[in-house]
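Peer 1: Structure below; questions to follow.
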Amino acid sequence: DCVAMSVNDIICCGAKPLFFLDYIACGKNIPERIEAIVAGVAEGCVQSGCALIGGETAEMPGFYPVDEYDIAGFAVGVVDKLKILNKNEITAGDIVIALPSSGVHSNGFSLVRKVFSEEELRGELGARLLTPTKIYVKPVLALLDKVRVKSISHITGGGFYENIPRSLPSGIGVKIEKAAIKTPEIFDIIASRGSIPVRDMFNTFNMGVGMSLTVAKNDADKALEILRQNGEEAYILGETTNSGEIEIC
């Protein structure tokens, strides 16, 4: 997840991730645990095509409990200045494409922990909620090589209402047909158990859309074809408007 959140953000400007470094802090350095964590980081780097060039492990007894650890990291990418995505090219009538998420991804867990008991989270439900964040680097880079993408939004904390607007110019909004969104069952379970209003769900979780991309209408079919050829079950999420708002109807 740490790698995914970094590299998925990098591709939002049209850049290719080059390398990643990690930092692990723990109460006790248990070699088998550190090995498992680093193996996960390495797998994320393989999936995103970037190099894991180093890292730091800090053992801090008395500060962290023995069974707890903290992990952080960062990635560096590169893009030609002329190829940086320019959201100001977006006009009303452009098409917004959705890339499905693998689940909750890395955001909304404060709310999840309030909705479910600790016992529930230790079982099958917890394992389901911890499905790794999807890494979109390779299919998106394949698309950028063939189609002029105007903007990309990584749907993280804040959901649709806080992330999609950042990829739009002032005065431009998006109209989204709620029925078109392919929302996994896990989000319905969270909403039902927590009695969470629909707007709050879309303002907290990705609701099944891990990333959105905006292209010209005449490029939409080609973009969908390329993304599907690269393993993404991409579909049309909505269309840009002059409303200046995110409308889910």
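The values are calculated or read from the model by the stated rules, or taken from the named source; none is laboratory data. If you're wondering where the values come from, they're calculated on a predicted model, not measured in any experiment. Note: ideal-geometry Cβ built from the backbone for every residue, glycine included; neighbour counts use all protein chains shown.
Peer 1: Scan the stretch 216-238 and report the pairs whose first residue is under 21 Å from residue 206 (Cβ atoms) and of a type in the set (Ser, Thr, Tyr) and whose second residue is outside any loop (DSSP other than H, G, I, E, B) and modelled with pLDDT of 95 or more, with Cβ atoms within less than 7 Å and a gap of 6+ or a chain change.
Peer 2: The qualifying pairs are 235/98.
Peer 1: Among the residues of the stretch 126-137, which ones are crowded, with 17+ Cβ neighbours inside 10 Å and assigned to a helix (DSSP H, G or I)?
Peer 2: Residues of the stretch 126-137 crowded, with 17+ Cβ neighbours inside 10 Å: 129, 133-137.
Within the stretch 126-137, 129, 137 meet the criteria.
Peer 1: Let me ask something additional. Of the residues that make up the stretch 80-96, is at least one surrounded by fewer than 18 Cβ atoms within 10 Å (Cβ to Cβ), touching a residue at least 40 places away in the same chain (Cβ under 8 Å) and of a type in the set (A, V, I, L, M, F, W, C)?
Peer 2: Within the stretch 80-96, one or more residues are surrounded by fewer than 18 Cβ atoms within 10 Å (Cβ to Cβ), touching a residue at least 40 places away in the same chain (Cβ under 8 Å) and of a type in the set (A, V, I, L, M, F, W, C).
Peer 1: Restricting attention to the stretch 175-197, report how many residues are within 27 Å of residue 93 (Cβ to Cβ) and free of Cβ contacts under 8 Å to residues at least 40 places away in the same chain. Spell out the reasoning first.
Peer 2: Of the stretch 175-197, the ones within 27 Å of residue 93 (Cβ to Cβ) are 175-183.
Those still in the list that are free of Cβ contacts under 8 Å to residues at least 40 places away in the same chain too: 179, 183.
The total comes to 2.
Peer 1: Also, quick follow-up: Tell me the residue from 146, 178, 150 that is over 17 Å from the mean Cα position of the chain (by Cα), buried (at least 22 other Cβ atoms within 10 Å of the Cβ), assigned by TED's automatic domain parsing to the domain that holds residue 99 and charged (D, E, K, R), please. Explain how you work it out, then say what you get.
Peer 2: Working: 146 fails: buried (at least 22 other Cβ atoms within 10 Å of the Cβ); 178 fails: buried (at least 22 other Cβ atoms within 10 Å of the Cβ).
Answer to the check: 150.
Peer 1: Sticking with this structure for a sec: When you scan the stretch 135-156, how many residues do you find that are within 19 Å of residue 75 (Cβ to Cβ) and in contact with a strand residue (DSSP E or B) (Cβ under 8 Å, 6 or more places away or on another chain)?
Peer 2: Adding up the residues that qualify gives 9.
Peer 1: Another question, then. Looking only at the stretch 18-41, how many residues end up being touching a Leu at 6+ places or on another chain (Cβ under 9 Å) and either among the β-branched types (Val, Ile, Thr) or closer than 25 Å to residue 144 by Cα (or both)? Please lay out each step first, then the result.
Peer 2: The initial filter retains those residues of the stretch 18-41 that are touching a Leu at 6+ places or on another chain (Cβ under 9 Å), namely 19-22, 38, 41.
Cutting the leftovers down to either among the β-branched types (Val, Ile, Thr) or closer than 25 Å to residue 144 by Cα (or both) gives us 19-20, 38, 41.
Selection size over the stretch 18-41: 4.
Peer 1: Would you check which residues across the stretch 192-214 are surrounded by fewer than 19 Cβ atoms within 10 Å (Cβ to Cβ) and either aliphatic (A, V, I, L, M) or assigned to a helix (DSSP H, G or I) (or both) and list them?
Peer 2: 192, 193, 194, 196, 198, 199, 200
Peer 1: Which is of a type outside the set (D, E, K, R), assigned to a helix (DSSP H, G or I) and modelled with pLDDT of 95 or more, of 104, 112?
Peer 2: Values: 104 fails: assigned to a helix (DSSP H, G or I).
After applying the criteria, what remains is 112.
Peer 1: Would you point out which residue out of 140, 147 is aliphatic (A, V, I, L, M) and in a helix (DSSP H, G or I)?
Peer 2: Testing whether each residue is aliphatic (A, V, I, L, M) and in a helix (DSSP H, G or I) leaves just 140.
Peer 1: Could you tell me which of the residues 189, 155 is buried (at least 17 other Cβ atoms within 10 Å of the Cβ), under 28 Å from residue 47 (Cβ atoms) and modelled with pLDDT of 95 or more? Show your work before the answer.
Peer 2: On the way: 189 fails: buried (at least 17 other Cβ atoms within 10 Å of the Cβ).
Answer to the check: 155.
Peer 1: May I ask you to list the residues in the stretch 222-249 that are surrounded by 20 or more Cβ atoms within 10 Å (Cβ to Cβ) and either part of a loop (DSSP other than H, G, I, E, B) or hydroxyl-bearing (Ser, Thr, Tyr) (or both)?
Peer 2: Once the filter is applied, which keeps residues that are surrounded by 20 or more Cβ atoms within 10 Å (Cβ to Cβ) and either part of a loop (DSSP other than H, G, I, E, B) or hydroxyl-bearing (Ser, Thr, Tyr) (or both), the stretch 222-249 yields 232, 234, 240.
Peer 1: Report whether or not residue 185 is under 27 Å from residue 85 (Cβ atoms), in the same structural domain as residue 128 (by TED's automatic domain parsing) and among the charged types (D, E, K, R). Explain how you work it out, then say what you get.
Peer 2: On the way: under 27 Å from residue 85 (Cβ atoms): no; in the same structural domain as residue 128 (by TED's automatic domain parsing): yes; among the charged types (D, E, K, R): yes.
In short, no.
Peer 1: Given (1) over 14 Å from residue 232 (Cβ atoms); (2) among the small types (Gly, Ala, Ser); (3) part of a helix (DSSP H, G or I), where does residue 170 come up short, assuming only one miss?
Peer 2: Looking at each condition in turn, residue 170 falls short on (3).
Peer 1: Under the condition of being outside any strand (DSSP E or B) and of a type in the set (Lys, Arg), which residue from the stretch 1-59 is farthest from the chain's Cα centre (by Cα)? Before you say what the answer is, go through the steps one by one.
Peer 2: Applying the first criterion (outside any strand (DSSP E or B)) to the stretch 1-59 yields 1-15, 27-50.
If we keep only those that are of a type in the set (Lys, Arg) as well, we get 28, 33.
Numbers: 28: 31, 33: 26 Å.
For the stretch 1-59, the residue satisfying everything is 28.
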